[in-house]
Amino acid sequence: MKEELLELEKKARRELDSLKDISSLESFRIHYLGKKGLLTSMVRKMGDLPPELRPEVGKLANRVKKELSQSFEKTLERLEHEKGGATSFLDLTLPGREPLRGHMHPITQMFREICDIFMKMGFRVAEGPNVELDYYNFEALNIPKDHPARDMQDTFYVSEKVVLRTHTSPMQVRVMERKQPPVSVISPGKVYRRDSDVSHTPMFHQVEGLLVDRGVTFGDLKGTLTSFLHQMFGKETALRFRPSFFPFTEPSAEVDIQCILCGGKGCRTCSKTGWLEILGSGMVDPEVYGFVDYDPEIYSGFAFGIGIERIAMLKFGIDDIQLFFKNDMRFLKQF
Ligand code: PHE
């Protein structure tokens, strides 16, 4: 029986070495190592041997089985490698894959740029809630009960007394409530209005500014905003302060910049006027000081609200505001 086993091993090895493909390897396995294979049936026959021979033959059978199994695995590896051939060839000269790199959203980039400019002028940043009390959003800003901005058509109401803020101006009141002058803060954030078309989205962004101290004049307002806009758009950009009205500033002014897309000649973006409105501003109305315990005989100040999407559209030459919020990678990747 010992000779039989050794003979079997020899034969099996020879066969393994000459195998050329994986499918014939499987029939080899079944033939020699399988449950009904030669080796198994030989081990079964060991029962017929005289007991004193069994341990020795058993040991030999185990060794043959173990080593044939190992050779079988090796042959499998060899055949797979041969089959893989060219496809598993590693080309070290191929360029590496570039990992996808993220970056800041264009609106965030604008926020940072604007805040940086004002921070260099000494303004500090204060952020406020998006879900705001009617009191801060309207009442304390001298916006009367019958003002159209309070209409359900224009404002998202959370409840009778709570709204999604329609502008960042409530931060003026929140800041003045907490601190006596001098104050100089800017407040970037999201605002909400029930509006949606190519130039309006239900959520957009503003940066509010407020400066109150002794002896602040309209000249300070003009100087501050002029300096900001020149840093933002370049010193050559022409500006225009146009009289306007807001319930919480008096006098009020809207600021236009010369259309940077057509250079003031008139185009679609500026509706052929050559000018683009980009912020609202004014001297804080004494009525508002009444809500926050500031003495209007001693203090004066100015406030402004900048529309971020407007500025981003001009800076990047984009003509559809909706693009900012569609999360289309083809658009966002360009910044
Ligand atoms: N809150 C105003 C708006 O959203 C802008 C503004 C801010 C005007 C501050 C004057 C002073 O249109």
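A DSSP coil position with no more than 15 other Cβ atoms inside 10 Å describes the following GluC sites (Glu not before Pro) in region 275-335: E297. Proximity of backbone amide H atoms, modeled 1.01 Å from N, is registered between S244 and S252, A253, E254 at under 5 Å, excluding neighbours fewer than 5 places apart on the same chain. Loop-located trypsin sites (Lys or Arg not before Pro) across region 261-335 with a Cβ neighbour count of 13 or fewer within 10 Å are K265, R268, K272, K326, K333, with loop assigned by DSSP.
With Cα atoms defining each centre, region 296-335 and region 36-70 are spaced 84 Å apart in the structure.
Of the trypsin sites (Lys or Arg not before Pro) found in region 13-116, those in coil by DSSP whose Cβ has at most 11 other Cβ atoms within 10 Å are K20, K35, K36, R97, R101. Segment K120..E297, full-extension length gain: 60.8 nm, with 0.36 nm per residue of separation and the alpha-carbon distance subtracted. Entry comment: accessible area of the chain is 59 Å² per residue, from protein heavy atoms only and a probe of 1.4 Å.
A Förster radius of 51 Å combined with the Cβ-Cβ distance from S24 to D328 puts the calculated FRET efficiency at roughly 0.40. Cα centroids of region 135-189 and region 77-133: 36 Å apart. Using the average count of surrounding beta-carbon atoms within 10 Å as a protection proxy, the listed peptides 125-133, 245-253 rank, highest first, as 245-253, 125-133. For K161, the aspartates and glutamates whose Cα comes closer than 16 Å to its Cα, not counting residues fewer than 8 places off in the same chain, are E132, D134, E139, D146, D151.
Legend: residue pairs K190/K333; K20/K45; K59/K83; K45/K66; K265/K333; K120/K315, Cα-Cα distance threshold 26 Å; pairs beyond threshold, K20/K45; K59/K83; K265/K333. Each Lys and Arg contributes +1 and each Asp and Glu -1, all at the Cβ; summed about the Cα centre of the chain, the dipole is approximately 1900 debye. With a simple spin-label model that places each label point 7 Å from the Cα along the Cα-to-Cβ direction, the separation between E236 and S271 comes to 2.8 nm.
Placing pseudo-labels 7 Å out from each Cα toward the beta carbon at M152 and E7 gives an inter-label distance of 10.1 nm.
Surface composition of region 21-163: carbon plus sulfur atoms contribute 57% of the solvent-accessible area (1.4 Å probe, protein chains only, all chains present).
What you get for region 124-185, charging only the Cβ of Lys and Arg (+1) and of Asp and Glu (-1), is a dipole of about 340 debye around the Cα centre.
Between S23, S244, S281, the residue with the greatest mean-square fluctuation in the GNM of the chain (Cα pairs under 10 Å linked by springs) is S23.
Just need log10 I(q)/I(0) for the chain at q = 0.06, 0.13 Å⁻¹, Debye formula, equal scatterers on the alpha-carbon atoms, no solvent, rounded to two decimals. The Cα Debye sum returns log10 ratios of -0.45, -1.02.
Using only the alpha-carbon atoms, how far is helix 106-120 inclined from the longest principal axis of the chain? Give it as 0 to 90 degrees, nearest 10. The helix 106-120 is inclined about 50 degrees to the chain. By the beta carbon rule, with partners counted only under 4.7 Å, the chain holds these lone Cys residues: C115. Take every DSSP beta bridge whose two residues both sit in the chain; close to 95 percent of them are antiparallel.
The values are calculated or read from the model by the stated rules, or taken from the named source; none is laboratory data. As the structure is a computational prediction, the values presented were derived from the model and not from experiment. So basically every Cβ, Gly included, is an ideal-geometry build from the backbone, and we count neighbours across all protein chains shown. For accessibility, only protein heavy atoms count, side chains too; no ligands or nucleic acids. Shrake-Rupley method; radii C 1.70, N 1.55, O 1.52, S 1.80 Å.
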